[in-house]
Structure formats: C-alpha cells, structure tokens
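Notes to accompany the following structure.
Read-outs throughout are calculated quantities, based only on the coordinates presented, and are distinct from any laboratory measurement. Worth saying up front: this structure is predicted, and the values here are computed from it rather than measured. Cβ: placed from backbone, ideal geometry, glycine included. Neighbour counts: every protein chain shown.
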Amino acid sequence: KTYVVYMLKCSDGSFYTGVTSNFEQRMIQHRVGCFTSCYTFKRRPVQLKYHLEFSDVIQAILFEKKIKGWTRAKKQALIDNDFDRIQLLADAEILPIISIDQNRAPKSFDCALDDTLHKLIIKVLSV
C-alpha cells in the first residue's frame with residue numbers, strides 16, 4: 001500500500017498539508033469540496049504543489065506532522081526543492097546554530113528511492 005504526503009496551495013495563498021492512502025480520490029475531494037468542514041472547502045480552488053509517496057504509514061504521518069509544524073517559508077522551500085534554504089531557515093529558528101544530529105533521521109524507507117532523493121529526504125526530516 002502507498003501513502004502520500006501532499007501540500008496544496010489554497011486560493012487565499014495558505015498551504016494545506018495532508019496524508020492519504022488514496023491520493024487520486026483525495027485530490028478530487030479537495031477540488032470538488034466534498035467536506036464542508038475541511039480547511040480547503042472555502043479556500044478552493046486548490047493547487048497541488050508537492051507530494052511524496054511512502055510505503056510505511058508511520059513515516060508518512062511523521063513527515064506530514066513535521067511539515068505542518070514548519071513555517072510558511074520552510075514549506076515554500078520544500079515546494080521549491082531548496083533543501084539548503086530549509087536548513088538555513090531551521091538554523092535561524094534555533095540560536096545559537098546547533099549542528100544536526102544525523103542519528104535522528106530515519107536510516108531507510110520501505111519505498112523505491114534513488115540515492116539522491118533518499119539523502120534529501122533524510123536531510124529534510126533531520127531539520
């Protein structure tokens with residue numbers, strides 16, 4: 001089974017981050033406005049700005065929660081695939097600058113990732 005963490009940009013400029021096991025259906029629900037209590041309902045239309053697949057639901061949920069705690073600037077850096085900027089923004093949040101403990105980042109994912117993408121994800125999760 002595949003789990004997807006995704007980020008939408010809403011019509012008011014805000015970002016919505018979610019996780020789902022049925023990506024196509026969830027995107028339709030956001031676009032159509034199936035749930036009136038959903039954050040995106042009154043902020044349509046929405047645009048998909050970022051998504052990443054996981055085979056481990058725990059990793060997907062942890063990544064979603066991490067992104068939800070980020071500033072708008074860090075979310076935009078993720079959308080832009082600017083991992084150096086994510087690191088700089090994280091360093092600016094905690095002064096003095098503390099070096100990242102690489103042991104906190106997950107060592108592996110149960111999904112097919114090329115080596116470069118795997119390194120980038122570990123870098124993002126360690127921020």
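Could you calculate the FRET efficiency of N81 with S37 from 1/(1 + (r/R0)^6), where r is the beta carbon distance between them and R0 is 35 Å, rounded to 0.05? The calculated FRET efficiency here is 0.60. Rounded to the nearest whole Hz, the Karplus-based 3J(HN,Hα) values (6.51 cos²θ - 1.76 cosθ + 1.60, θ = phi - 60°) of segment 12-22 follow the sequence 8, x, 6, 10, 10, 10, x, 9, 8, 9, 9, with x at glycine and proline.
Is the shape of segment 1-77 best called rounded, prolate or oblate, per the rule: a/c under 1.5 gives rounded, else a/b larger than b/c gives prolate, else oblate, with a ≥ b ≥ c the square roots of the Cα gyration tensor eigenvalues? Cα axes put segment 1-77 in the oblate bin. The A73 and R44 beta-carbon pair, evaluated with R₀ = 25 Å, returns a calculated FRET efficiency of approximately 0.55. Across the cross-link table entries K42/K68; K1/K42; K9/K74; K9/K68, which are compared at the Cα atoms, the separations over 22 Å belong to K1/K42.
A simple rule links phi to the HN-Hα coupling: the Karplus curve 6.51 cos²θ - 1.76 cosθ + 1.60 with θ = phi - 60°, which for segment 54-64 gives 9, 9, 10, 4, 5, 4, 4, 5, 4, 5, 4 Hz, with x for Gly and Pro.
A Förster distance of 25 Å, applied to the separation of the beta-carbon atoms of L88 and I58, puts the FRET efficiency at 0.30.
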